[in-house]
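Enquirer: Next up is a structure, given as structure tokens.
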Amino acid sequence: MKANLFSLIFVLVSFIANAQTEVEMADQFRADGKIYVVIAIVSIILAGLFIYLFRLDRKITDLEKRIK
């Protein structure tokens, strides 16, 4: 189990290290000013997910209280 976990960690670290190179598409978005649109859309999606998870947690907690 530990060997699989360490292998997974090393693979993820190698992907992260590989992702640190310059990306031409991101540079072009930044030059055109479109990077802000991308950031806004990603932020909206993440905010929606967090709100959904928060509401779901509250509903589950309420159901657990009703069961007890």
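The values are calculated or read from the model by the stated rules, or taken from the named source; none is laboratory data. Values in this document were obtained by computation on a predicted structure and should not be read as measured data. Note that we place each Cβ from the backbone using ideal geometry, even for glycine, and neighbour counts take in every protein chain shown. Quick note on the areas: whole protein, heavy atoms, side chains included, nothing else; ligands and nucleic acids left out. Shrake-Rupley method; radii C 1.70, N 1.55, O 1.52, S 1.80 Å.
Enquirer: Expressed in nm to one decimal, what extension gain is obtained for the pair MET25 and LYS59 from 0.36 nm per residue of sequence separation less their Cα-Cα distance?
Expert: In short, 8.1 nm is gained.
Enquirer: If you stretched the chain out fully between LYS68 and LYS34, how much longer would it get, using 0.36 nm times the residue separation minus the C-alpha to C-alpha distance?
Expert: 7.1 nm
Enquirer: Right, next: If you count only protein heavy atoms and use a 1.4 Å probe, how large is the accessible surface of LEU53, to the nearest 10 Å²?
Expert: 100
Enquirer: Around GLU64, under 12 Å between beta carbons, what's the net of Lys plus Arg minus Asp minus Glu among the other residues?
Expert: Net local charge, GLU64 excluded: +3.
Enquirer: Ranked from the most accessible area to the least, with a 1.4 Å probe and all protein chains present, what is the order of ILE67, ILE44, ILE9, ILE35?
Expert: Result, largest first: ILE67, ILE44, ILE9, ILE35.
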